[in-house]
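The values are calculated or read from the model by the stated rules, or taken from the named source; none is laboratory data. No experiment lies behind these values; they were computed from the predicted model shown. A quick note on method: Cβ atoms are made from the backbone with ideal geometry, for glycine too, and the neighbour counts reach across all protein chains shown. The area values use the complete protein model at the heavy-atom level, side chains included, leaving out ligands, DNA and RNA. Shrake-Rupley method; radii C 1.70, N 1.55, O 1.52, S 1.80 Å.
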Amino acid sequence: MSKPAAPLKGRAARLARLMPSTGPSTAARTPFVLLVVLLLGGGLITLLLLNSALNEGSFRLSELKRDTTELTDEQQALQRDVDSRSQPDALEKRARELGMVPGGSPAFLNPDGTVRGKPTEATAPPSPSPSPTPSPTASPDAPAAAPSASGTSAGPSGSPSPSASVPQPDPAAENSPPPTSPGR
């Protein structure tokens, strides 16, 4: 049979008293293994959540970049439109469509109240006279109507005469000075 182990002497005996070896202890390893598994699982879940948040931010960033590109293109198109409409010839054409005419020679007010220069009235260049248009209520088959309530006479074809379709300027408005705004 087996021989009993010899008693340990000196330093080995002291170490044997501090760390008794009663066999493999699985009970002491279980909490450690469980802690390591929980730490690894928690780390993996944290990495998964972090990766999801970064991907979401990346998608949002690409969407914002696309929106910025679209808005930049729209802003550039609008700026081109503004630039084309603010060219001098385009402004002049639009002003003439609105009935504006080029101004005469300007006059300036000095700080002491005196006028420098001689103001002149702006006049429109002669434009071709508009052709008379038949009124929508008069038909060519209808007989010549009596003068309308406005006092215009109808011509032989039933349409108003050209002199009645041209508005007459107000003489009081011609003699009045143009409105001025302070600070200009």
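Total residues in segment 90-129 satisfying the condition of being on the phi > 0 side of the Ramachandran plot and open to solvent by 70 Å² or more (accessible area, probe 1.4 Å): the figure is 0. Of all the criteria given as (1) under 39 Å from the mean Cα position of the chain (by Cα); (2) touching a residue at least 12 places away in the same chain (Cβ under 8 Å), the one not satisfied by residue 94 is (2).
Quick grid of which residues meet (1) farther than 26 Å from residue 124 by Cβ; (2) of a type in the set (A, V, I, L, M):
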| residue | (1), (2) |
| --- | --- |
| 55 | yes, no |
| 59 | yes, no |
| 65 | yes, no |
| 74 | yes, no |
| 78 | yes, yes |
| 89 | no, no |
| 93 | no, no |
| 99 | no, no |
